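Only one structure is covered here, and it is reproduced in the block below.
The values are calculated or read from the model by the stated rules, or taken from the named source; none is laboratory data. Predicted model, so just to flag it, every value in this text is computed and none were measured. Positions of Cβ are generated from backbone atoms using ideal geometry, with glycine treated the same way; all protein chains shown enter the neighbour counts.
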Amino acid sequence: MALPGSIPTLQAHNTGNYTRVDNLFCTDTLLDHIISCNTVPSKRPILTDHFPIHTIFDIQLPTVDERERWNWAKVDWEEFAARLEEVLGDLEPPREIETEEMFWTALRNFDTAVQQVIKEVVPKAKPSPHQRRWWKPTLTEMKK
């Protein structure tokens, strides 16, 4: 029980007696994070005899990795393909790879071209420490 047993939670209208009729229960795990738990008689609403219970927890919201990343969901793939075709067209024409060095050079050139197009066409995600990557705009629409 989070609220100590000696704290009254109600003042009877008729007699003015203080009693304990309300309890605040929580799990053992959450109980370890309680900073304070008390009633606030001065904040009692009009025409009620119960006191509000004010509880403060020391908990952290889970956060996500805030490193900048590519927003693949918002890529214009037609633009991406067109730009990649342009950049690859600037490379040497394809030819048979005869040595390991030729292979690594071709791979490096191809990778550089793809990375260049990614930097030009793919938008960056705007990370938020509380975002959920699984959340999609369609869920927002369904929520409305």
* In the range 52-70, residue farthest from the chain's Cα centre (by Cα) [restricted to those that are loosely packed, with under 13 Cβ neighbours inside 10 Å, modelled with pLDDT of 90 or more and not aliphatic (A, V, I, L, M)] -> HIS54
* Among the listed residues THR55, THR48, which satisfies the condition of being among the hydroxyl-bearing types (Ser, Thr, Tyr) and either touching a residue at least 40 places away in the same chain (Cβ under 8 Å) or not in a loop (DSSP other than H, G, I, E, B) (or both)? -> THR55
* Asked: From the list GLU85, GLU79, which residue is over 30 Å from LEU61 (Cα atoms) and exposed (fewer than 13 other Cβ atoms within 10 Å of the Cβ)?
  -> GLU85
* Sole exception among (1) outside any helix (DSSP H, G or I); (2) surrounded by 12 or more Cβ atoms within 10 Å (Cβ to Cβ) for LEU30, by number -> (1)
* Answer yes if at least one residue in the range 72-79 is over 30 Å from GLY5 (Cβ atoms), in a helix (DSSP H, G or I), touching a Lys or Arg at 6+ places or on another chain (Cβ under 9 Å) and of a type outside the set (Asp, Glu), and no otherwise. => yes
* What number goes with the only condition from (1) more than 27 Å from the chain's Cα centre (by Cα); (2) exposed (fewer than 12 other Cβ atoms within 10 Å of the Cβ); (3) under 21 Å from TRP77 (Cα atoms) that LYS136 does not pass? -> (1)
* **Hits in the range 58-92 (condition: basic (Lys, Arg) and in contact (Cβ under 8 Å) with a residue 40 or more places away in the chain)** => ARG67, ARG69, LYS74
* To do: Report yes if some residue within the range 2-14 is closer than 30 Å to PRO129 by Cβ, aliphatic (A, V, I, L, M), in contact with a helix residue (DSSP H, G or I) (Cβ under 7 Å, 6 or more places away or on another chain) and in contact (Cβ under 8 Å) with a residue 12 or more places away in the chain; otherwise report no.
  => yes
* Asked: Out of the residues in the range 33-51 that are at pLDDT 90 or above and farther than 17 Å from ASN17 by Cα, which is surrounded by the most Cβ atoms within 10 Å (Cβ to Cβ)?
  -> CYS37
